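Enquirer: Can you read through this structure? Questions will come right after.
The values are calculated or read from the model by the stated rules, or taken from the named source; none is laboratory data. What you are looking at is a predicted structure, and each value in this text was computed from that prediction instead of being measured. Reconstructed Cβ throughout: ideal geometry from the backbone, glycine too, with neighbour counts over all protein chains shown. With ligands, DNA and RNA removed, areas are computed over all heavy atoms of the protein, side chains included. Shrake-Rupley method; radii C 1.70, N 1.55, O 1.52, S 1.80 Å.
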Amino acid sequence: MTTLLRMLLGAGPLLSLLVLNLVHGSDNATLPLVMWHGMGDSCCNPLSMGSIKKMIEEAIPGIDVLSLMIGKTVIQDTENGFFMDVNEQVSMVCSQLAQDPKLKDGYNAMGFSQGGQFLRAVAQRCPSPPMKTLISVGGQQQGVYGLPRCPGESSHICDWIRKKLNSGAYTDTVQKHLVQAQYWHDPLNDDLYKKHSLFLADVNQERVVNETYKKNLQLLDKFVMVKFLQDSVVDPVDTEWFGFLKTGQAKETETLQESVLYREDRLGLAAMEAAGKLDFLATEGDHLQFTDEWFNAKLVPYLR
């Protein structure tokens with residue numbers, strides 16, 4: 001068998017590829033992709049997630065792409081991105097993925113904007129089926145401390161949200177009923193954030209170190225974070241690379257590598273970087289603004 005294999009591999013590059021595919025069989029099959037949209041969007045908007053799904057399917061023929069719908073309708077999906085408890089959303093998604101037979105051998109995940117940190121919570125809390133690669137496209141991994149501009153046609157909703165966040169992001173009512181409050185990270189009120197944040201403080205190990213979260217995140221083969229260099233929606237933009245404002249003030253930022261989270265390796269990110277599992281990508285443009293060419297060149301290879 002070894003001699004025959006060597007002979008065939010010496011017959012040319014095309015035949016070599018065919019032989020390797022025969023030897024490895026289904027191991028080389030493309031993994032399914034799970035996508036989670038951002039604030040103000042929905043699973044199936046033909047101008048956003050629908051277009052991205054189509055682009056990926058054209059780039060990787062035969063790939064199964066699941067664009068998550070949080071709710072029973074597109075309208076519910078959009079509304080839930082503002083008003084449904086994030087922990088309930090993550091639990092719902094975990095249940096859906098566990099029941100999908102196409103995902104039993106593993107899948108890749110791509111989250112857009114807030115979908116980036118929500119899918120990271122899925123990786124930390126629900127290791128079965130196994131997530132292999134997580135791509136956070138403009139995700140707010142350390143939360144936000146500002147809502148300067150809203151995407152799409154949701155500006156009136158965002159004006160209302162901004163007022164609620166500024167008046168009492170960590171009150172029980174706002175925390176339980178406003179998605180953006182659950183990843184609101186106030187560096188001037190660090191104790192309030194750590195005590196009352198229902199979602200972000202938990203998944204970022206701010207109160208205690210959950211060793212299961214840490215272990216599960218390190219099961220990823222790759223964690224890719226994309227930053228938009230002219231982002232006018234996410235504040236501070238450093239959060240897209242897991243950086244944030246230094247505690248106690250609201251002007252100076254720190255990188256992931258300078259943070260306590262990394263230096264104490266509370267989430268396993270230092271170990272992941274040492275193992276070559278963290279990739280930091282940057283692109284010119286505003287929030288979630290990229291060309292098809294950039295997407296195909298930079299992100300699609302992670303999905304093959």
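Enquirer: Looking only at the range 186-219, count how many residues are part of a loop (DSSP other than H, G, I, E, B), over 18 Å from residue 112 (Cα atoms) and not β-branched (Val, Ile, Thr).
Expert: As a first pass, look at the range 186-219 and keep what is part of a loop (DSSP other than H, G, I, E, B): 186-189, 197-199, 204-210, 218-219.
Next cut, over 18 Å from residue 112 (Cα atoms) only: 186-189, 197-198, 204-210, 218-219.
So of that shortlist, the ones also not β-branched (Val, Ile, Thr) come out as 186-189, 197-198, 204-207, 210, 218-219.
Final tally of qualifying residues: 13.
Enquirer: So, in the range 249-295, exactly how many residues are of a type outside the set (A, V, I, L, M), surrounded by fewer than 16 Cβ atoms within 10 Å (Cβ to Cβ) and in a helix (DSSP H, G or I)?
Expert: Of the residues in the range 249-295, 6 are of a type outside the set (A, V, I, L, M), surrounded by fewer than 16 Cβ atoms within 10 Å (Cβ to Cβ) and in a helix (DSSP H, G or I).
Enquirer: Condition first: touching a Cys at 6+ places or on another chain (Cβ under 7 Å), at pLDDT 95 or above, buried (at least 16 other Cβ atoms within 10 Å of the Cβ) and in a loop (DSSP other than H, G, I, E, B). Can you find one or more residues in the range 41-52 that meet it?
Expert: Within the range 41-52 (the criterion being touching a Cys at 6+ places or on another chain (Cβ under 7 Å), at pLDDT 95 or above, buried (at least 16 other Cβ atoms within 10 Å of the Cβ) and in a loop (DSSP other than H, G, I, E, B)), the answer is no, since none of the residues qualifies.
Enquirer: So, one more: Yes or no: residue 162 modelled with pLDDT under 95 and open to solvent by 60 Å² or more (accessible area, probe 1.4 Å)? Step through it out loud before you land on a result.
Expert: Working: modelled with pLDDT under 95: yes; open to solvent by 60 Å² or more (accessible area, probe 1.4 Å): yes.
In short, yes.
Enquirer: Still on this structure, I have one more. Would you confirm whether or not the range 234-248 contains a residue that is modelled with pLDDT of 95 or more, open to solvent by less than 40 Å² (accessible area, probe 1.4 Å), part of a helix (DSSP H, G or I) and polar (S, T, N, Q)?
Expert: Yes, the conditions are met somewhere in the range 234-248.
Enquirer: Just the residues that are over 22 Å from residue 134 (Cβ atoms) and in contact with a helix residue (DSSP H, G or I) (Cβ under 9 Å, 6 or more places away or on another chain), please, taken from the range 59-78.
Expert: Of everything in the range 59-78, just one residue is over 22 Å from residue 134 (Cβ atoms) and in contact with a helix residue (DSSP H, G or I) (Cβ under 9 Å, 6 or more places away or on another chain), namely 71.
Enquirer: Among the residues of the range 165-191, which ones are at pLDDT below 90 and within 18 Å of residue 233 (Cβ to Cβ)?
Expert: Across the range 165-191, the qualifying residues are 165, 166, 169.
Enquirer: Let me ask you something else. Only residues that are open to solvent by 10 Å² or more (accessible area, probe 1.4 Å) and either of a type in the set (Ser, Thr, Tyr) or within 17 Å of the chain's Cα centre (by Cα) (or both): list them for the range 69-79, please.
Expert: Within the range 69-79, the subset open to solvent by 10 Å² or more (accessible area, probe 1.4 Å) is 69, 71-76, 78-79.
Hits for the range 69-79 are 69, 73, 78.
Enquirer: While we're looking at this one, here's another question. Which fully enclosed helices (runs of 4 or more DSSP H) of the range 68-151 have 3 or more residues being without any contact (Cβ under 8 Å) to a residue 60 or more places away in the chain?
Expert: Qualifying helices (runs of 4 or more DSSP H): 74-83, 86-98.
Enquirer: Can you find a residue that is charged (D, E, K, R) and at pLDDT below 95 anywhere in the range 142-151? Before the answer, list the steps.
Expert: Step one: list which residues in the range 142-151 are charged (D, E, K, R), which gives 149.
If we keep only those that are at pLDDT below 95 as well, we get 149.
Yes - at least one qualifying residue is present in the range 142-151.
Enquirer: Moving on to the next point. Kindly provide the set of residues from the range 194-227 that are open to solvent by less than 30 Å² (accessible area, probe 1.4 Å) and touching a Ser or Thr at 6+ places or on another chain (Cβ under 6 Å), ordered by number.
Expert: 225
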